[in-house]
Ligand SMILES: [Fe+2]
């Protein structure tokens with residue numbers, strides 16, 4: 001178990017901050033609304049991910065934490081989880097693309113959703129716990145939905161020549 005979907009570059013927290021930051025420079029209310037809706041939903045996903053981590057680790061012994069590769073996290077943060085990727089690298093806004101250009105930002109967002117989907121699939125490969133799989137599968141599906149919504153907006157802006 002690790003925190004890649006919490007503090008990793010393709011995690012939910014980065015997604016929420018990316019969209020809620022980009023929303024201001026979308027050219028119309030349709031774009032501002034979509035970025036706000038999805039950014040807010042991603043914050044809900046942060047809560048789901050953190051809840052799952054806490055439920056998995058709350059009663060773990062030190063030995064179990066060590067076996068799960070969480071010894072460094074325990075040394076530094078005790079029972080808390082922290083906003084890092086799976087290598088322990090702290091979350092950074094350097095991973096958040098934001099150009100002020102709606103087509104460039106929406107392209108970034110589509111790529112981010114695909115990377116989040118792939119990460120969820122990798123996490124699903126590593127567990128056979130049905131409760132974890134159900135949550136991960138739900139979150140994976142939401143990434144597919146977000147990709148489609150961003151693509152629709154991208155195509156709409158492209159068709160309306162928003163950058164010209
Ligand atoms: Fe998403």
Q: Using the number of other C-beta atoms within 10 angstrom as an exposure proxy, rank 144, 20, 13 with the fewest first.
A: 144, 20, 13
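Using the count of nearby Cβ atoms within 10 Å as a rough guide to exposure, how do 14, 107, 4 rank from fewest to most?
Ordered from fewest to most neighbouring Cβ atoms within 10 Å, 14, 107, 4 come out as 107, 4, 14.
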Q: Between residue 162 and residue 103, with labels modelled 7 Å along Cα→Cβ, what's the label distance in nm to one decimal, could you check?
A: 1.1 nm
Q: For the chain, calculate the relative contact order in percent as a whole number, restricting contacts to Cα pairs under 8 Å that are 6 or more residues apart.
A: 29 percent
Q: For the range 59-74 and the range 131-151, write down the distance between their C-alpha centroids in whole Å.
A: 29 Å
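Most exposed first by the Cβ proxy, i.e. fewest other Cβ within 10 Å, how do 17, 106 rank? Display every interim value, and only then the final one.
Details: 17 19, 106 25.
Ordered from fewest to most neighbouring Cβ atoms within 10 Å, 17, 106 come out as 17, 106.
Quick note: the coordinates plus some simple rules give every number you see, no bench work behind them. Keep in mind that this is a model prediction, so the values were computed, not measured. When we count neighbours, we look across all protein chains shown, and the Cβ atoms used for this are built from the backbone with ideal geometry, even at glycine.
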